[in-house]
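Colleague: Input: one structure, supplied below.
Each reported figure results from applying straightforward, stated rules to the coordinates on display, with no laboratory input. Remember, predicted model here, so these are calculated numbers, not experimental data. Note that each Cβ is placed from the backbone with ideal geometry, even for glycine, and that neighbours are counted across all protein chains shown.
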């Protein structure tokens with residue numbers, strides 16, 4: 001069985017899970033413990049980033065490389081068009097999604113965590129003690145801003161990312177105004193990249209991710225709650241409903257998650 005090494009909150013891993021579900025491939029999620037658990041990824045793949053797909057003796061790192069591998073070795077439900085022009089457009093949109101939406105979404109999430117106390121508390125696991133939730137929620141925004149500056153994600157960086165994300169979402173709304181999908185009349189890699197990588201600006205509301213229920217359907221204030229972008233999120237929600245298998249749908253999609261750690 002295919003094995004997907006992942007963080008449940010990784011939007012690049014979510015992109016791959018959408019593809020696996022669309023293709024109807026069974027797989028087992030292996031949750032990697034951030035930090036020391038990533039040493040196993042280095043041993044397997046020579047790098048420490050998720051997602052990593054293991055197919056027998058084959059180990060593939062990077063969401064784009066995984067998508068291309070799956071389309072080559074499991075071609076029954078293709079996600080990359082064969083027509084040269086459509087293929088080029090699909091790959092171009094996917095690369096744009098990786099490099100613009102994917103990176104800016106992460107910065108938008110950091111900004112939301114620093115500014116929105118409710119969002120900050122919602123990210124915590126459901127079994128987090130109430131006292132700790134209160135402490136985390138009450139951390140001053142100024143302190144988060146200082147911490148953000150220390151890792152290159154200060155207020156100016158976050159603001160620029162939010163502006164870029166709004167332009168990207170507006171562009172997607174225009175493209176989808178009169179067509180069902182971004183490239184062809186059926187989903188392609190471009191659609192799954194865009195859908196998965198927007199997870200951080202608005203988490204899907206359905207039972208697709210093992211995240212706190214309070215986080216499902218919640219998003220970045222000023223983006224997720226703006227009516228201008230509602231057509232995009234409505235389209236994305238339908239893509240999820242049509243093709244993403246809910247948690248617990250074992251035997252037809254993902255298998256139960258295990259985890260790796262290193263003592």
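Colleague: Can you give me the distance in nm between label points at residue 92 and residue 33, each placed 7 Å from the Cα along the Cα-to-Cβ direction?
Modeller: About 4.6 nm separates the two model spin labels.
Colleague: Also, I was wondering about something else. Does region 1-62 come out rounded, prolate or oblate, given a ≥ b ≥ c as the square roots of the eigenvalues of its C-alpha gyration tensor, rounded meaning a/c under 1.5 and, failing that, prolate meaning a/b above b/c?
Modeller: On the way: a/c = 2.07, a/b = 1.39, b/c = 1.49.
Oblate is the answer for region 1-62, as a/c is 1.5 or above yet b/c matches or exceeds a/b.
Colleague: In nm, give the distance between the simple-model label positions of residue 160 and residue 213, each being 7 Å from the Cα along the Cα-to-Cβ direction.
Modeller: Those two pseudo-labels are separated by 4.1 nm.
Colleague: Fewest to most neighbouring Cβ within 10 Å: what's the order for 247, 172? Mind showing how you got there, number by number?
Modeller: Working: 247 15, 172 21.
Final ranking by Cβ density, sparse to dense: 247, 172.
Colleague: What order, most packed first, do the peptides 74-85, 199-210, 5-16 have when packing is the mean number of other Cβ atoms within 10 Å of each residue? Please list the in-between numbers first.
Modeller: Values: 74-85: 13.5, 199-210: 19.7, 5-16: 22.1.
Order by mean packing, descending: 5-16, 199-210, 74-85.
Colleague: Quick check: pseudo-label points 7 Å beyond the Cα along Cα→Cβ at residue 58 and residue 72, how many nm apart are they?
Modeller: 0.7 nm
Colleague: Report the gain in length on full extension from residue 82 to residue 247: 0.36 nm times residue separation, minus Cα-Cα distance, nm rounded to one decimal.
Modeller: On the way: separation 165, 0.36 × 165 = 59.40 nm, distance 3.21 nm.
Gain in length upon complete extension: 56.2 nm.
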